[in-house]
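These notes concern the structure reproduced below.
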């Protein structure tokens, strides 16, 4: 049954009605200002003393209170966020965790304040951090410096949001955190954006300002020339930095660090190892792909992100053949986030007021705070030592007449009477007397007296030292300077960001595409292809020979043209010159070490090999080919531009091309050398040109079982030579040759086409075939199987003489390139 209320409602006139007439404009203005100040002071702007916003300060302070020091184990981030939110921070857990995550990111902080364990995100936030229930954290090594001596009355404390806890107004901050780690935030009507700096440089500037308080900005900038970003990169243009250091506002450009490398055997590329501050690789890749698809950016073949933990950031941008990598890089700087502008806005709280500060002002505010911290710490420590000295002196007085002390205590009725009698008899204070009464008898030995006297002397020395610091501004400054130097020595690192005075680039005016300049295409004995930087023949300096410098075929071309590659099966494959790697100036060092294997450019059958290169010039006298079965052919230079593969000879079953050369004048001599040591030489005019489908004609008459091992074209007017290597049938080329002979070419007479020729080398005991032979312009050059140069024997004028034993087996022969 419901009970009826016995209370009677108050009469209508019991309440006094008060209505305030307030202008809505004034109310909105006042409320907005209160809200704006709350955002500015309690959320968005850092304090110029410790460089922290309230949320960061609360995280660091609470982690220190929880004992999460660098030498302790990790704890769940959710635990830290819960403690901060429950005790200090009146906002949600998301804002706390976001701040904690940033403090643990080495690419966001120059000197991270949190040691994170787990996924704390990636550069540019391409990969967001894991939830706080998965990640773990503890204080970083340098974070203890932010809270060092916080329990020694060095800073003021205020009540928290509910008045049940206390939190520091600012941390002691043993290093200039605001300059070292920077800050960013958006308040109401104002914002801050401060870049990180190098700890060693900032400390050096602060110490100079301690010694010379009147130092000007130019002097300070000798120590701090510019920001030092965690992600490195290059700062272009220092004018904006000086403006920011002078009046607190300025801009500068940050460029990625990129180098030109051979990313594949066929292509060059740009390897990006450092990106602008807060820019991630995914953002760059997406922008490049968008520009390429919209045809606003040319020359990009592919973009790969090869970043890993072992090598760090590695963004590979492959450049299409025919484009200048340096020019493409300039386009990337202009069109993509690989170059970003950073706007400095040094707004920070000073005594609760937002101010825009220059470099000197930031250092001065920090140093004033540090002077105050060290002064209060010294006062606290001196008070502690004086209190302890007071107790020690009382105990020493008691020890001088310990028997009387014991007698007075034993004869007293209670502890209060004992205290009064001790005070009266020994002239002790109440604190000293209570300490004597609380001290166990086992501490009152002769050895303890010696320890107490030593402690007394030590306390007196420390008190004098602390007094000197408190009474002398010079000593205080020396101490702060020395502590800063110790911090820089322990935690300082080398500068990561390169400072460039101007953004002008020497390649800015270089055309995007490679010019169609003359060059030469080279084929080495080890199967490497390359092109030169110009069309000049390579210099031949035997004193400076290197690996892979025996060039078996060289043809003139242009950088954007094509050449033909003739294979042993009679195919001519079109080869784009621009695809070939370009060698440096080979005039001083003729070698193809920078080339790429043939297989990178041509698809050859398993039993097919590349024989020679040829131009596709249809005005030339044509291509001369010689086969293993003694067939010779001059090919009519008819190469359709719309075909990438042509047949230049119809071979008989079992036959293959062993040599080929493009004729320059048509007056050359064609030379066959067989494995039974026969050499046949006759003018190229004896061979009429034929179409590409023809099978050629008889070139040399072969003995039973013999085969051709060399076919070349030699200018009879030039100095030429013949080189032959004898061995045993079945010997692998370049393995076990026994003897070699070098003979002047003019020792061999001309004969008619399809004849047997003359003998070119006499076999020694154990030799029955020639395993290698060559005829061409002198001087001859030889190489081993691995491409290393081999020294040749002295020339032998006898055309049918025997050879000289070789020290190193020869695998390839050629003449000047």
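Could you check the stretch 117-134 and list, in sequence order, the residues that are crowded, with 19+ Cβ neighbours inside 10 Å and farther than 21 Å from residue 282 by Cβ? Hit for the stretch 117-134 is 132, nothing else.
Do we have residue 398 as at pLDDT below 95 and either in contact with a strand residue (DSSP E or B) (Cβ under 9 Å, 6 or more places away or on another chain) or surrounded by fewer than 16 Cβ atoms within 10 Å (Cβ to Cβ) (or both) here? When the stated conditions are applied, residue 398 does not pass them. Here residue 71 passes the criteria (1) modelled with pLDDT of 95 or more; (2) surrounded by fewer than 20 Cβ atoms within 10 Å (Cβ to Cβ) except the one numbered (1). For residue 762, the requirement of being more than 57 Å from the chain's Cα centre (by Cα) and within 16 Å of residue 675 (Cβ to Cβ) is met. You will find that of 452, 484, the residue that is surrounded by 11 or more Cβ atoms within 10 Å (Cβ to Cβ) and more than 30 Å from residue 209 (Cβ to Cβ) is 452 and no other. Scanning the stretch 392-409 for residues that are farther than 18 Å from residue 453 by Cβ and touching a helix residue (DSSP H, G or I) at 6+ places or on another chain (Cβ under 9 Å) yields 404, 406, 408, 409.
Of the residues that sit in the stretch 321-340 and are in contact with a strand residue (DSSP E or B) (Cβ under 6 Å, 6 or more places away or on another chain) and not in a strand (DSSP E or B), which one is nearest to residue 256 (Cα to Cα)? Looking at the filtered set, the residue picked out is 333. Return yes when residue 318 is at pLDDT 90 or above, in contact with a strand residue (DSSP E or B) (Cβ under 7 Å, 6 or more places away or on another chain) and more than 20 Å from residue 123 (Cβ to Cβ) and no when it is not. It is true that residue 318 is at pLDDT 90 or above, in contact with a strand residue (DSSP E or B) (Cβ under 7 Å, 6 or more places away or on another chain) and more than 20 Å from residue 123 (Cβ to Cβ).
If you go through the stretch 288-314, how many residues are touching a strand residue (DSSP E or B) at 6+ places or on another chain (Cβ under 9 Å) and part of a loop (DSSP other than H, G, I, E, B)?
Of the residues in that region, 7 qualify.
Taken over the stretch 666-709, residues that are in contact with a strand residue (DSSP E or B) (Cβ under 6 Å, 6 or more places away or on another chain) and free of Cβ contacts under 8 Å to residues at least 40 places away in the same chain amount to 1. Taking into account only those residues within the stretch 638-655 that are part of a loop (DSSP other than H, G, I, E, B) and within 51 Å of the chain's Cα centre (by Cα), which is modelled with the highest pLDDT? Filtering the stretch 638-655 for residues that are part of a loop (DSSP other than H, G, I, E, B) and within 51 Å of the chain's Cα centre (by Cα), the one modelled with the highest pLDDT comes out as 648. Across the stretch 149-174, the qualifying residues are those that are in a strand (DSSP E or B) and in contact with a helix residue (DSSP H, G or I) (Cβ under 8 Å, 6 or more places away or on another chain), and the one among them that is surrounded by the most Cβ atoms within 10 Å (Cβ to Cβ) is 168. The sole residue among 221, 194, 146 that is in contact (Cβ under 8 Å) with a residue 60 or more places away in the chain, surrounded by fewer than 23 Cβ atoms within 10 Å (Cβ to Cβ) and either assigned by TED's automatic domain parsing to the domain that holds residue 281 or on the phi < 0 side of the Ramachandran plot (or both) is 221. The residues in the stretch 766-805 that are buried (at least 20 other Cβ atoms within 10 Å of the Cβ), in contact (Cβ under 8 Å) with a residue 40 or more places away in the chain and touching a strand residue (DSSP E or B) at 6+ places or on another chain (Cβ under 6 Å) can be counted, and the count is 15.
If you check 606, 581, 597, 590, which single one turns out to be at pLDDT 80 or above and closer than 18 Å to residue 786 by Cα?
597
Here 187, 286, 265 are screened, and the one residue that is free of Cβ contacts under 8 Å to residues at least 12 places away in the same chain and either over 18 Å from residue 330 (Cβ atoms) or surrounded by fewer than 19 Cβ atoms within 10 Å (Cβ to Cβ) (or both) is 286. Could you grab me the full set of residues in the stretch 111-145 that are within 24 Å of residue 338 (Cα to Cα), outside any helix (DSSP H, G or I) and out of contact with any helix residue (DSSP H, G or I) (no Cβ under 7 Å at 6 or more places or on another chain)? If the condition is that a residue be within 24 Å of residue 338 (Cα to Cα), outside any helix (DSSP H, G or I) and out of contact with any helix residue (DSSP H, G or I) (no Cβ under 7 Å at 6 or more places or on another chain), then 122, 127, 128 are the ones that fit.
Just the residues that are touching a helix residue (DSSP H, G or I) at 6+ places or on another chain (Cβ under 8 Å), surrounded by fewer than 22 Cβ atoms within 10 Å (Cβ to Cβ) and touching a residue at least 40 places away in the same chain (Cβ under 8 Å), please, taken from the stretch 238-247. Passing the criteria: only 246. At least 1 residues being at pLDDT 90 or above is the threshold, and among the strands (runs of 3 or more DSSP E) wholly inside the stretch 683-796 those reaching it are 708-714, 720-727, 739-744, 769-777.
Report yes if some residue within the stretch 79-88 is assigned to a loop (DSSP other than H, G, I, E, B), modelled with pLDDT under 95, assigned by TED's automatic domain parsing to the domain that holds residue 163 and in contact with a strand residue (DSSP E or B) (Cβ under 9 Å, 6 or more places away or on another chain); otherwise report no.
Just the residues of the stretch 79-88 that are assigned to a loop (DSSP other than H, G, I, E, B), to begin with: 88.
Of the ones still in play, those that are also modelled with pLDDT under 95 are 88.
Narrowing further to those that are assigned by TED's automatic domain parsing to the domain that holds residue 163: 88.
If we keep only those that are in contact with a strand residue (DSSP E or B) (Cβ under 9 Å, 6 or more places away or on another chain) as well, we get 88.
Among the residues of the stretch 79-88, at least one is assigned to a loop (DSSP other than H, G, I, E, B), modelled with pLDDT under 95, assigned by TED's automatic domain parsing to the domain that holds residue 163 and in contact with a strand residue (DSSP E or B) (Cβ under 9 Å, 6 or more places away or on another chain), which makes the answer yes.
Residue 317 is checked against (1) in a helix (DSSP H, G or I); (2) under 29 Å from residue 253 (Cα atoms); (3) without any contact (Cβ under 8 Å) to a residue 60 or more places away in the chain; (4) touching a helix residue (DSSP H, G or I) at 6+ places or on another chain (Cβ under 9 Å) and fails just one. What number does that condition carry? The single condition residue 317 does not satisfy is (1).
The values are calculated or read from the model by the stated rules, or taken from the named source; none is laboratory data. Computed from a prediction, not measured in an experiment: that's the story for all the values here. Quick reminder, even Gly has a Cβ in these numbers, built from the backbone with ideal geometry, and neighbours come from all protein chains shown.
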